[in-house]
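Enquirer: Pasting a structure here, questions to come.
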């Protein structure tokens, strides 16, 4: 499937991490989603009901990241991918969770984890 919907850079403040201060001080996370599905029905009908609403995808990511606390961003990505795949129209999903302020004692540009899941 080559059709896809992409939502990139969803910003969320949440509590995730291994260190104690990460469990009490919110941090910025950015979420990128790539959802693979057949967009032909929506292209023909021009009806939102025939596609996956990218606004709802963004809200789902926000709600999941803020409603649960995990030590690993791998867990966040895995759970979010699973939730997106609950929609039967979705064939495959890629979820990237960025933790731009991860507690690393070196200069770096970004820390991110990407999971790819398919039906």
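Just so you know, all these numbers are worked out from the coordinates, no wet-lab data involved. All figures in this text were calculated on a predicted structure; none of them were measured in a lab. Neighbour counts are summed over all protein chains in view; Cβ atoms, including those assigned to glycine, are modelled from backbone coordinates with ideal geometry.
Enquirer: Contact order normalised by length for the chain, with contacts defined as Cα pairs under 8 Å and 6 or more residues apart; what percent is it?
Expert: In percent, rounded to a whole number, it is 28.
Enquirer: Report, in whole Å, the centroid distance computed from the Cα atoms of segment 1-39 and segment 49-119.
Expert: Using only Cα atoms, the two centres lie 4 Å from each other.
Enquirer: Working only with C-alpha atoms, what are the Rg and Dmax values of segment 4-118, expressed in angstrom?
Expert: Using the Cα atoms of segment 4-118, the pair Rg, Dmax is 15.3, 53 Å.
Enquirer: What angle do you read, to the nearest 10 degrees and between 0 and 90, between the alpha-carbon axis of helix 54-67 and the longest principal axis of the chain?
Expert: 30
Enquirer: Now for a separate question. Could you list 38, 110 in order of exposure, starting from the residue whose Cβ has the fewest other Cβ atoms within 10 Å?
Expert: With the fewest neighbours first, 38, 110 line up as 110, 38.
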